[in-house]
Structures are given as structure tokens and as C-alpha cells.
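Novice: Let me give you the structure first, and then I'll get to my questions.
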């Protein structure tokens, strides 16, 4: 069962996909996050677009994104992401999208909500939480 109270944070793509698939815990979590506003990285927004198979799905994604705060990648975040790639690509397999998401969240000092905690748990100074 999903916890019902979470501090505001940035939501990773995997949770958004679960919600789109109707997974109750993901939907419940997103509803709880709506109180403070759903925040996602521009990388997650792009990943949602890449997952579209037709114009109908793209329209649905666009409508969803209008309800979100989409966080841009700053110059500082891109520099941090590069450093994260240098530090963790070989040792942990950190991929570019995850490095950019992590750097964006880290720069804002917020929590990253994801089901893929292992993709991020080696990054110092990043608070990562699995919401369900």
C-alpha cells in the first residue's frame, strides 16, 4: 500500500508511466503531489513524448504536462550531470537521462521520487525515495 503523505519533490518518469497505466499506488501518489504541484524534469517530459505511439497519445501527454511544472536544465545542472557521468558511468552504469534528472533535483535541494532507487542511490547529496 502506498504512503499517503509525501513532501514535495521531483517525480521520475517511471512513476508517471505507472500512473498512465492506471497503477493505483502511482495514481494515488500523483494525486497527493498535486497539492503542492507535480514537478518533473524536462528529461522526463521528453521521455514521455518518446513513449508516444501516435498523435492521440502525444495529445494526452501534452495535456498532462500542462498540469506539471517542468523543470529546465540549468547550466549548473548540466555541469553537475557531466561530473556525475564521469564519477558513476563506469562504476554504476549511470545513464545520461538519469544524470540530468539527478543534477536538476540536487540543484533544487529536493527529493527525487522514483521506483529505480538503485539508479540514483550512489549520488552524494541526493535524497531519493521510493513512494510505493
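Values in this text are rule-based calculations from the coordinates and carry no lab data. These numbers come from a predicted model, not from an experiment. Virtual Cβ from ideal backbone geometry, glycine too; neighbours counted across all protein chains shown.
Novice: Apply 1/(1 + (r/R0)^6) to the Cβ-Cβ distance of residue 63 and residue 42, taking R0 = 22 Å, and write down the FRET efficiency to the nearest 0.05.
Specialist: E between residue 63 and residue 42, to the nearest 0.05, is 0.80.
Novice: Round to the nearest 10 and give me the degree value, 0 to 90, for the angle of helix 55-65's Cα axis relative to the longest principal axis of the chain.
Specialist: Result, in degrees: 70.
Novice: Could you work out the helix-only [θ] at 222 nm for the chain, with each DSSP H run of four or more residues adding -39,500 (n - 2.57) and the total divided by the number of residues, to the nearest 500 deg cm²/dmol?
Specialist: Computed mean residue ellipticity for the chain: -16000 deg cm²/dmol.
Novice: In the P(r) worked out for the chain, what percent of Cα pairs fall beyond 22 Å?
Specialist: 34
Novice: Let me ask something additional. Take each of the peptides 65-72, 49-56, 10-17, average the number of other beta-carbon atoms within 10 Å over its residues, and list them starting from the highest.
Specialist: In descending order of packing, they fall as 10-17, 65-72, 49-56.
Novice: Can you give me the angle between helix 24-33 and the longest principal axis of the chain, using Cα atoms only, in degrees from 0 to 90, rounded to the nearest 10?
Specialist: Approximately 80 degrees, to the nearest 10.
Novice: Moving on to the next point. Relative contact order of the stretch 51-132, please, whole-number percent, based on alpha carbon pairs below 8 angstrom and at least 6 residues apart.
Specialist: Relative contact order, the stretch 51-132: 22 percent.
Novice: Now for a different question. Neighbour counts of other C-beta atoms within 10 Å: give me 113, 132 arranged from fewest to most.
Specialist: Lowest count first: 132, 113.
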